[in-house]
Amino acid sequence: MVNTCQSCESCEGGHENYCSKIIFTYNSHDRDGTVTYGGYSDMVVVNERFVIRFPDGMPLDRGAPLLCAGITVYNPMKHHGLNEAGKHIGVVGLGGLGHVAVKFAKAFGMRVTVISTSPGKREEAMETLGADAFVVSGDANQMKAAKGTMDGIMNTASASMSMYAYLALLKPQGKMILLGLPEKPLQISAFSLVTGKSVS
Ligand SMILES: [Zn+2]
């Protein structure tokens, strides 16, 4: 975003992305009536509230913003307390969001289990990204062994699926964070939430 109203409840609460007067970086009308063109621009005007200074001591070829994938994963991890060392987090799906989730979770000092439909992702998950464990979601024995062990799950899958099998992996009061946006309605049994588990 390049600007918001800066005075509504969302803006004052640090949730400017929910502001009804938000001006997006791309394809919004700015206050002067011009259209914002995001990365197609030669230059942009951004309110200082939404700019982060590149650290003086960091070489330009050593730092880069993590942009959408970064904030989509980092924000809910922080908001829901899924950033505490020693907690066990599951990451469903190892695409763009999933691999960032693994990297953040390891940087937070968490135990990380990647859950994937694809056995071929094991090497990338464990050896390249440093996950502690890998579970194939279609393997009933592996899913059973992981049951009730996780404080949280970052679910990045966009395919429509039953949530039951994943909710079973959570400890009581565990939280599943949905980052994927399946087109079809979710299937969630109320019984799978009765031990205080939540979906957000
Ligand atoms: Zn606002």
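Over region 38-173, what is the relative contact order in percent, taking alpha-carbon pairs closer than 8 angstrom and at least six residues apart?
Reported as a whole number, the value is 21 percent.
What is the helix-to-structure angle for 67-79, meaning the angle in degrees between its Cα long axis and the longest Cα principal axis of the chain, kept from 0 to 90 and rounded to the nearest 10?
Roughly 60 degrees, rounded to the nearest 10.
Angle between the Cα long axis of helix 96-107 and the longest principal axis of the chain, 0 to 90 degrees, nearest 10?
On a 0 to 90 degree scale, this one is about 80.
Quick one: among Gly95, Gly148, Gly33, which has the greatest mean-square fluctuation in a GNM of the chain with alpha-carbon springs under 10 angstrom?
Answer for the Gaussian network model of the chain: Gly33.
Given the C-alpha centroids of region 80-135 and region 1-36, what is the distance between them in whole angstrom?
Centre-to-centre distance over Cα atoms comes out at 33 Å.
Given a cut-off of 21 Å, what percent of all Cα-Cα pairs of region 67-199 lie beyond it?
Counting every Cα pair in region 67-199, those more than 21 Å apart make up 33 percent.
Could you derive backbone 3J(HN,Hα) for region 175-187 from the dihedral phi with the Karplus parameters 6.51, -1.76 and 1.60 (θ = phi - 60°), listing whole Hz in sequence and x where the residue is Gly or Pro?
Listing the rounded values in order: 10, 10, 9, 8, 9, x, 10, x, 6, 7, x, 6, 9 Hz.
Taking region 105-191, which trypsin sites (Lys or Arg not before Pro) meet the DSSP loop condition and have no more than 13 other C-beta atoms within 10 Å? Mind dumping the intermediate values first?
Numbers: sites: Lys106, Arg111, Lys121, Arg122, Lys144, Lys147, Lys175; in loops: Lys147.
Sparse-neighbourhood loop trypsin sites (Lys or Arg not before Pro): Lys147.
Given the options Val135, Val45, Val73, state which has the largest fluctuation in a GNM of the chain using a 10 Å cut-off (strictly under) for Cα springs.
Looking only at Val135, Val45, Val73, the biggest GNM fluctuation is shown by Val45.
Run the helix sum for the chain: -39,500 (n - 2.57) per DSSP H stretch of 4+ residues, divided by residue count, reported at 222 nm to the nearest 500 deg cm²/dmol.
After summing the helix terms and dividing by the residues of the chain, the value is -5000 deg cm²/dmol.
We did not get these values from a lab; they are worked out from the coordinates using the rules stated. If you're wondering where the values come from, they're calculated on a predicted model, not measured in any experiment. Cβ: placed from backbone, ideal geometry, glycine included. Neighbour counts: every protein chain shown.
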